[in-house]
Ligand SMILES: NC(=O)c1ccc[n+]([C@@H]2O[C@H](COP(=O)([O-])OP(=O)(O)OC[C@H]3O[C@@H](n4cnc5c(N)ncnc54)[C@H](O)[C@@H]3O)[C@@H](O)[C@H]2O)c1
């Protein structure tokens, strides 16, 4: 490996470009190749790269030239499995955008074919690295709150953005909202609780967004709001509160963990607010004061993405794993389980019943 790490971006749309901006902020790192069949995405991402790089429209061409040390896969969800099957040939480090795949079966298929892979395979779950969320996780894991009992996550935000060829308007392309976007929150809950899920009950529907849109004669079918109740094997209870028609919210994500000794809350400002200060508040049951930590993200890092600086911190960790060839922070098992919980929530909504995780072949 040369003195700097060479990154190849596969899928150079919204998220691919966020990755380019964040690799640009790293020392000793360069994007040396991009691959996308869409001319607009190639042009936009090319304008973000100042060093020499190769540009491909076809994945096979990128694989044959193999001019990077690590590949970042940021193609539409339904294409992940076919891209992953091919990219294994390169035997390079991989960061795969969430959701790992759109179904449990595809996640398991990839897990199986990559079981002897010798390089880092990392699933992109950057919410773990949002500074206030990271602090909450540390406090729960070091038992500051005593024994964890409840974890709730509220995401109130804007509707799904437009994507290239509108792939994100249909469950068949995304895995469904509970997989596509909520896999982040299920991953967080599972990571915070350090427990597997026993059962899931969800209520949700598409009530407001995209109902006046049509693609090839079809109206989108993606859920825009819902509640998901999760029972963990450890006895911890989880709740997800998702609303995607709540643009003018002060906080985009609010994460609350309650233990038998106290409670901690992490507040992540909405991206559109442009705020670089987030808050963590903690109150113990035996005290009358609430401790508030204001946490600041450098504006340069904030502006390199839509995720409160977390993509940059994810990249620092991925870079270290590449340099040292260590285990990923977010494994294929984590990727699989976050998709499985999302699939259970989608099924619960469709069938209006509690879904036991034992119903799946995990
Ligand atoms: N981690 C996060 O918070 C986050 C946020 C947004 C998107 N994502 C994920 O990133 C991925 C991409 O989403 P996006 O928002 O950038 O979508 P997008 O539509 O903006 O970009 C996807 C790009 O992939 C290209 N593409 C399609 N098939 C390809 C192939 N076989 N090879 C190479 N390129 C191909 C498309 O032409 C397009 O330019 C999705 O999996 C999505 O879930 C993650």
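Below are the figures for this structure:
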read-out: Hits in segment 138-170 (condition: assigned to a helix (DSSP H, G or I) and within 13 Å of the ligand (Cβ to nearest atom)); value: 164, 165, 166, 167, 168, 169
read-out: Residue match in segment 105-125 (condition: touching a residue at least 40 places away in the same chain (Cβ under 8 Å), over 28 Å from residue 230 (Cβ atoms) and within 14 Å of the ligand (Cβ to nearest atom)); value: no
read-out: Residue count for segment 72-115, restricted to those that are more than 17 Å from the chain's Cα centre (by Cα) and closer than 14 Å to residue 16 by Cβ; value: 1
read-out: Criterion (in the same structural domain as residue 75 (by TED's automatic domain parsing) and within 24 Å of residue 306 (Cβ to Cβ)) met by exactly one of 96, 104; value: 96
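The values are calculated or read from the model by the stated rules, or taken from the named source; none is laboratory data. Small disclaimer: the values here were computed from a predicted structure and weren't measured. Note that each Cβ is placed from the backbone with ideal geometry, even for glycine, and that neighbours are counted across all protein chains shown.
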